[in-house]
Amino acid sequence: MADYDLIARMNGCFNELELALQDLGHFLSQLELLQARVFALPEVVKGEEHNPADKIIVTPHTGEAAQQLALQHFQRLFIHHNNENVSSKSAVRLPGVLCYAVDAAEHQSALLLIEEVNKLKAELEHIVTVESGLAREQRFEFVHTHLRGLITLNAYRSVTYLSDPDSVRFGWANKHIIKNVTRDEVLAQLEKSLNAGRAVSPYTREQWMENINREMSDVKRLPEHAALKFKRPVKVQPIARVWYRNSQKQVQHPCPLPLIVLCLRSPMMQVPKLGELHDYDVTSIKHKYKPQSQPLSLLIKRLHLYTDYPL
C-alpha cells in the first residue's frame, strides 16, 4: 500500500487543484464573454453504463446560461455532484466552447491559470497511476479511501484553450483505443494483478487467481514473433473541429469539457464561427473510407487483448 508521504502529496495536490479550478472559474467570469455554446448530454443511469449508445439527444445552451453550466462543470469532480440515480462509473461530458475577448495581460493570466490547472491534473494522475505502484484493480480503493467519491476521469481531464481560431464546429467520433504491446509487458501486467490478491466479482479470490494464471499460460504459449495489441472500443464521444484560416489547418480535439477560446482585442478582431452538436444516431453514420483491418484473434476478452497469431 502507498506510504503516508504519497497519500499526503495526493491530498495536497488535489486541494491545490480545487483552489486552482476555483481561481480559473472566477477569472473567466470576470472576462468579456463574446459568445458561449454548450451541449448537455443525457446522464447515464446506474446500471446502464455498458449499454450501447445508439442514440444521444443533445440539449443546447447559449450565452450566460452556457457559461454558468461550463464553469460549474469544470469543478464537477465528485459523485455527490451528480443526482442520486446517475452512474458514478461514467464521467459526465459537457462539450462546448466559451469565447472571451482579452487584452494581452488577460491572455497571459488566463494561460497561466489553465496551465496550472492542467499541471495539477497531470500530477494527480501520475501520483495515482504511477507513483503509487498499485495495480489498476487496487487504485479505486486507494483513491476512494483518501478522496471519497472522487470521479478520477473528471479530475484528470485537462482544460483545452484555443487562441484566435476562425471556427469551432462539433461532431461525434467512434473509435478504438489500440496499443501494441510485447509479451513481457502483458505478462508483467498479469503478474501485477496476480500479486494484488483481489477478487473481481462474481469470482472468489481463488477462482480469480486461477483465471489470471490461465491467461498467463495462454500468453506464454504464443510464439515470440506473435504480435499483441490491446484493441478496446470506446463509446461514441463528442469532438470539436477547429479551423485556422491563416495556416489552412484543421485541428480535432476530444471535447468532454468546454473549450476556452481567447480572442485578442484588436480593430480586426473576429469572433469565431461556432457550429452545433447535433443528436447522435448510429444508423445515420456513413464511413467515407473504411480500410480493411488486419485479421486478429481475441486472446483475453476482459483485457481486449488480440494477437495476429491464429488460435
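The values are calculated or read from the model by the stated rules, or taken from the named source; none is laboratory data. As the structure is a prediction and not an experimental result, all values here were calculated from the model. Cβ: placed from backbone, ideal geometry, glycine included. Neighbour counts: every protein chain shown. Ligands, DNA and RNA are excluded from the accessible area calculation, which covers all protein heavy atoms including side chains. Shrake-Rupley method; radii C 1.70, N 1.55, O 1.52, S 1.80 Å.
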Q) So which of Q138, Q108, Q72 ends up being part of a helix (DSSP H, G or I) and modelled with pLDDT under 90? A) Q138
(Q) Looking at the structure I just gave you, is V200 β-branched (V, I, T), within 30 Å of A104 (Cβ to Cβ) and either modelled with pLDDT under 90 or surrounded by 12 or more Cβ atoms within 10 Å (Cβ to Cβ) (or both)? (A) no
Q) Do we find a residue being in contact with a Lys or Arg (Cβ under 7 Å, 6 or more places away or on another chain), open to solvent by 20 Å² or more (accessible area, probe 1.4 Å) and of a type in the set (F, W, Y) anywhere in the range 159-176? A) no
Q) When you look at A240, is it small (G, A, S) and either modelled with pLDDT under 90 or open to solvent by 50 Å² or more (accessible area, probe 1.4 Å) (or both), yes or no? A) no
Q. In the range 82-105, which residue that is at pLDDT 95 or above and touching an Asp or Glu at 6+ places or on another chain (Cβ under 9 Å) is surrounded by the fewest Cβ atoms within 10 Å (Cβ to Cβ)?
A. A101
Q: Determine if the range 242-265 includes at least one residue that is within 23 Å of the chain's Cα centre (by Cα), more than 15 Å from N174 (Cα to Cα) and free of Cβ contacts under 8 Å to residues at least 60 places away in the same chain.
A: yes
(Q) Among the listed residues G171, G149, identify the single one that is in contact with a His (Cβ under 7 Å, 6 or more places away or on another chain) and touching a residue at least 12 places away in the same chain (Cβ under 8 Å). (A) G149
Q | Unique match (being part of a loop (DSSP other than H, G, I, E, B) and among the charged types (D, E, K, R)) among R232, R198 | A | R198
Q: Inspect all residues belonging to the range 131-148 and state whether any of them is out of contact with any Phe, Trp or Tyr (no Cβ under 8 Å at 6 or more places or on another chain), surrounded by fewer than 18 Cβ atoms within 10 Å (Cβ to Cβ), of a type in the set (A, V, I, L, M) and within 21 Å of L190 (Cβ to Cβ).
A: yes
Q.
Filter the range 272-297 down to the residues that are of a type in the set (A, V, I, L, M) and at pLDDT 90 or above and list them by number.
A. L274, L277
